[in-house]
Every structure is written in C-alpha cells, then in structure tokens.
1. Given that compact globular proteins tend to follow 2.2 N^0.38 Å, what is the ratio of the alpha-carbon Rg of segment 67-127 to that value?
2. Return the Rg/Rh ratio of the chain with Cα-based radii and a Kirkwood Rh.
3. Of Lys42/Lys99; Lys14/Lys169; Lys42/Lys154; Lys154/Lys307; Lys42/Lys157, which pairs sit farther than 23 Å apart, going by alpha carbon to alpha carbon?
4. Can you tell me the convex hull volume per residue for segment 148-206, based on C-alpha atoms, in Å³ to the nearest whole number?
5. Give the Rg (one decimal place) followed by the Dmax (whole number) of segment 1-127, computed from C-alpha coordinates and expressed in Å.
6. Using only Cα atoms, figure out Rg for segment 202-275 and give it as a multiple of 2.2 N^0.38 Å.
7. Residues in segment 38-58 near a label at Ala83, defined as backbone nitrogen under 13 Å from the 7 Å Cα→Cβ point?
8. Got the relative contact order for segment 216-259 handy, in percent, Cα pairs under 8 Å and 6 or more residues apart?
Amino acid sequence: MNDPAAFVEEAIGKIRQQVPGHAIVAASGGIDSTAAAVLAEKALGERVRAIFVDTGLLRAGEVERVRDLFRASGLRYEVVSAAPDFFQALEGVMEPEEKRRRIGTAFIRLFEREAARFETDRLVQGTIAPDWIESGGSIRDTIKTHHNVGGVPKDSKLVLVEPLRDLYKDEVRRLAHHLGIPDPDRQPFPGPGLAVRVNGPVTPERVRRARVANLIVEQEVERAVAAGRLPRPWQYFAVLLATRTVGVTGDNRVYGEAVSVRIVESIDAMTATAMEVPRPILKEISQRITRELTGEVVRVLYDVTDKPPATIEWE
C-alpha cells in the first residue's frame with residue numbers, strides 16, 4: 001500500500017460492491033478490525049454495526065478501552081457479553097490449534113445470531129495478510145490457525161468481507177494514522193485473547209492469573225518506556241505456563257504456577273527479535289507478579305527466543 005488515501009477510496013468501493021444491504025463487523029478493538037470497521041462505516045453508514053464481544057478472555061480494562069476507542073472513531077457499535085459461551089467451548093481443551101478452532105467457531109455462531117438480528121449474511125473482518133499466511137492452505141504449512149481464518153467453520157452461512165486482506169501490520173498502522181484512529185501504534189492483542197496466553201486448560205481462575213500478570217508486564221514496560229529506560233517494544237505480555245513448580249512463601253512450601261514474560265521487537269509481525277531488557281526491569285516485573293499472585297505464581301521466566309524459530313505468541 002503506497003497511498004493510504006487511494007487505498008481508502010478503493011476499499012470503500014469494494015465494500016459497497018460486496019455488501020448490497022446491511023452488514024456487521026467483527027470488531028475486537030484491535031487496530032486491524034477497527035480500521036476495517038471505520039472503512040465499513042464510511043462505505044455503508046447506518047447499514048453497518050460493529051459488534052464487540054466480551055469473551056471473558058480479555059485484558060484488564062479492555063471493554064472500557066474499546067468503548068472509548070469506538071466512540072472516538074465515530075463507530076456505531078454494540079457490546080455483546082458472551083463469557084459463558086467461550087469458557088464452555090474451551091472446557092477441557094489443551095491443544096493450541098483446537099483452542100483456536102473452538103474460539104473461531106464460538107465467534108462465528110455468535111455473529112450468525114447477530115447477523116440474523118440485523119437481517120444480513122455479511123460479516124466484515126479485519127483479516128490481514130499474516131493471518132491467512134500463517135493459517136496455511138495450498139502449499140503453505142499451518143503455523144497456527146488464526147481464529148478468523150482457519151477457525152471459521154465450514155458450515156458457516158456468513159459471507160466474509162475482508163478489506164485489509166492483503167495488508168501487513170505496518171501498512172495497517174499507516175492506514176489507521178490516515179483514518180485518524182486513536183493510538184494506531186498500540187501493541188497487538190490476539191483475537192482469541194488470553195486463551196492463547198494460558199497454556200493448558202482455560203478456566204476462569206487461570207485466566208484471572210494471566211490477566212493480572214499480563215497487566216503487570218504492560219504497566220512496568222510502559223513505565224520503563226516513559227522513563228527512557230527501554231525503547232518501545234512491538235509486543236509485551238505474560239503467558240501462564242502449563243506446569244507447576246515448587247516455591248516458598250515465608251517458611252511454607254507452595255506448589256504454584258509459572259509465568260513466562262515475552263517482550264519483542266518487530267516491524268510487521270512476520271519476524272521478531274526478543275528484546276534485551278535491563279535486568280532491573282525484569283526483576284521489578286518478577287517481584288510484582290509473585291507478590292500480587294502470592295502462592296499462585298511462584299516462578300517468572302523471560303523468553304529470549306526470536307521468531308523464527310518461535311512465534312510471538314506461545315499458542
């Protein structure tokens with residue numbers, strides 16, 4: 001994408017061709033789906049509605065942040081609370097690819113219900129190039145199934161509209177700047193939410209621990225960036241691991257969980273480099289996590305693996 005203005009004009013025309021009536025937008029509050037929602041709003045006006053789903057797998061304060069973002073972006077939107085649906089879909093599921101498929105199916109079933117309410121079969125998504133590249137197909141291996149691509153069930157009746165399909169993340173950010181979307185350079189957050197940052201079983205209690213740890217990483221990294229102690233990373237988060245480990249609280253033995261901290265630099269998310277983070281920052285993160293989750297998380301690790309061979313997210 002060389003010219004964001006030309007891209008917007010072309011995308012509006014394509015959306016109008018693809019959507020003869022009404023449409024809904026799968027709007028997660030991330031920069032990809034927000035840009036897609038803004039383009040759909042420009043193309044369709046009152047005939048489109050952004051649907052934000054509270055899956056119960058979101059970061060701390062995410063619902064409020066997304067509400068503010070959508071209002072600032074001038075979007076017509078609705079919030080749908082559906083945590084029980086997603087936890088039920090994930091009950092007993094351990095394998096990462098199955099998690100993503102289950103989440104994709106849960107999203108589509110919800111959007112099918114919402115689409116019927118708006119008397120449409122058109123679903124606008126913020127799918128970008130890395131999503132379908134990593135999801136495999138043809139001669140491409142499946143790196144990980146993105147819930148909005150490979151996670152879409154084959155019996156879905158929805159017609160997908162994907163105006164950003166051929167863009168990479170850096171191009172989407174340039175587009176978002178052009179569209180006037182607030183904070184277009186904020187770090188990405190996976191569509192499946194904390195489900196892919198909870199290794200092993202996904203339960204409300206384990207998601208709560210991951211949410212607390214994730215918030216601490218975000219706060220400490222942003223504090224270090226503001227103080228000039230660290231360049232701004234591409235992405236920074238915590239992963240609750242699928243292992244238990246022995247620790248000590250006071251004079252007592254505890255058998256708790258472990259967290260891995262992931263902080264990476266990247267340009268387009270296709271490759272990434274683990275950031276060299278000063279030890280005092282990592283120590284602050286570790287001390288806060290183990291203190292605020294006393295007896296629950298007893299060990300904090302730092303992931304030094306680049307992409308490749310690892311992916312940015314653990315699952």
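1. 1.34
2. Ratio value, two decimals: 0.97.
3. From the list (Lys42/Lys99; Lys14/Lys169; Lys42/Lys154; Lys154/Lys307; Lys42/Lys157), the Cα-Cα distance tops 23 Å for Lys42/Lys99; Lys42/Lys154; Lys154/Lys307; Lys42/Lys157.
4. Each residue corresponds to 159 Å³ of Cα convex hull volume.
5. 15.4, 48
6. My calculation over the Cα atoms of segment 202-275 gives 1.33.
7. Hits in segment 38-58 for Ala83 at 13 Å: 54-58.
8. 30 percent
Read-outs throughout are calculated quantities, based only on the coordinates presented, and are distinct from any laboratory measurement. A quick note: this is a predicted structure, and the numbers were derived from the prediction, not measured. Here Cβ is always computed from backbone atoms with ideal geometry, including for glycine, and neighbour counts include all displayed protein chains.
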